[in-house]
Amino acid sequence: MIYPDVTEARFMDRPNRFIAHVNIGGNVETVHVKNTGRCKELLLKDVPVILAKADNPNRKTKYDLIAVKKKKLGWVNIDSQAPNVVIREWLEQQGFDRVRPETVYGDSRIDFYMEKGPQKYLLEVKGCTLEIGGVGYFPDAPTERGVKHIRELIEARKQGYWCGLAFVIQMNGIKQVRPNIETHPEFGKALDEAQKAGVKILHLPCQVEKDSLSIRDVKKNRNVF
């Protein structure tokens, strides 16, 4: 995915999870943060950030904060909507007969439903922005919704669906994601149960630029389904 109009700024503070104050060339601007997670290790005072201009000219905030520069790591895309966009682009290259986003299964909305011949697929997507010691971790805050989705995938797998959980790694150079059991032990437990039940866990490294996000090695990952 490509952001057509981006601006570099400096992070100042984050009064709440929805907005932040940034410095653009000496001017203070209030911007929308496209990630409601904590991002405490990323959003540090005076770090470089990337802003994307909003499509709606009448919106209160003119920009979305989409990326942060982390020392020794480079740009980290924190746009929580971006993982589903790049996954959709990726899935459309996988030879499916049908790709449908936002599908109700059980009591949850699963990110993608696919078909290939008689086989039915369900794929849940999680964006990873937390890095510790060269490894990605998820989640950065407790996610009961995430645990619920995993439970639904386990049940769907019993019903004959191909089920997967895809971690879109929104950082350069990180290839693996581990469950952040210190923050949410239940997520780690559910993920382990899912793997034992046959749910596929996909780790998808990305190429992150100031104005784009894309999954690396698309052709290499063509045969995971």
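Among the conditions (1) outside the structural domain of P185 (by TED's automatic domain parsing); (2) closer than 16 Å to Y3 by Cβ, K71 misses just one, which is (2). Scanning segment 3-16 for residues that are surrounded by 13 or more Cβ atoms within 10 Å (Cβ to Cβ) and closer than 16 Å to N77 by Cα turns up Y3, V6, T7, E8, A9, R10, F11.
I'm trying to understand the selection: among the residues of segment 165-215, which are of a type in the set (D, E, K, R) and either within 23 Å of K148 (Cα to Cα) or crowded, with 21+ Cβ neighbours inside 10 Å (or both)? Of everything in segment 165-215, those that are of a type in the set (D, E, K, R) and either within 23 Å of K148 (Cα to Cα) or crowded, with 21+ Cβ neighbours inside 10 Å (or both) turn out to be R178, E182, E186, K189, D192, E193, K196, K200.
Candidates G127, G160: the one that is within 23 Å of L191 (Cβ to Cβ), at pLDDT 95 or above and surrounded by 20 or more Cβ atoms within 10 Å (Cβ to Cβ) is G127. Sub-8 Å Cβ pairs linking a first residue in segment 146-173 that is touching a residue at least 40 places away in the same chain (Cβ under 8 Å) and under 15 Å from L123 (Cβ atoms) to a second residue that is part of a loop (DSSP other than H, G, I, E, B) and of a type in the set (D, E, K, R), at least 6 apart or interchain, are E152/D107, ordered by first then second residue. Could you list, in sequence order, all residues of segment 163-221 that are touching a strand residue (DSSP E or B) at 6+ places or on another chain (Cβ under 7 Å) and among the β-branched types (V, I, T)? Scanning segment 163-221 gives V168, I169, I174, V177, V199, I201, V208, I215.
Tallying residues that are within 30 Å of D97 (Cα to Cα) and of a type in the set (V, I, T) within segment 120-143 yields 1. The set of residues from segment 142-189 being outside any loop (DSSP other than H, G, I, E, B), hydrophobic (A, V, I, L, M, F, W, C) and under 17 Å from the mean Cα position of the chain (by Cα) comprises V147, I150, L165, A166, F167, V168, I169, M171, V177, F187. Evaluate segment 42-58: report whether one residue or more is out of contact with any Phe, Trp or Tyr (no Cβ under 9 Å at 6 or more places or on another chain), surrounded by fewer than 17 Cβ atoms within 10 Å (Cβ to Cβ) and among the polar types (S, T, N, Q). Scanning segment 42-58, I find at least one residue that is out of contact with any Phe, Trp or Tyr (no Cβ under 9 Å at 6 or more places or on another chain), surrounded by fewer than 17 Cβ atoms within 10 Å (Cβ to Cβ) and among the polar types (S, T, N, Q), so the answer is yes.
Quick grid of which residues meet (1) within 17 Å of I78 (Cα to Cα); (2) basic (K, R):
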position: I174; (1), (2): yes, no
position: V177; (1), (2): yes, no
position: I181; (1), (2): no, no
position: A190; (1), (2): no, no
position: G198; (1), (2): no, no
position: L202; (1), (2): no, no
position: Q207; (1), (2): yes, no
position: K210; (1), (2): yes, yes
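Scanning segment 65-95 for residues that are of a type in the set (F, W, Y) and either crowded, with 22+ Cβ neighbours inside 10 Å or modelled with pLDDT of 95 or more (or both) yields one hit, W75.
The values are calculated or read from the model by the stated rules, or taken from the named source; none is laboratory data. Here the structure is a predicted model, which is why all the values come from computation and not from measurement. Here Cβ is always computed from backbone atoms with ideal geometry, including for glycine, and neighbour counts include all displayed protein chains.
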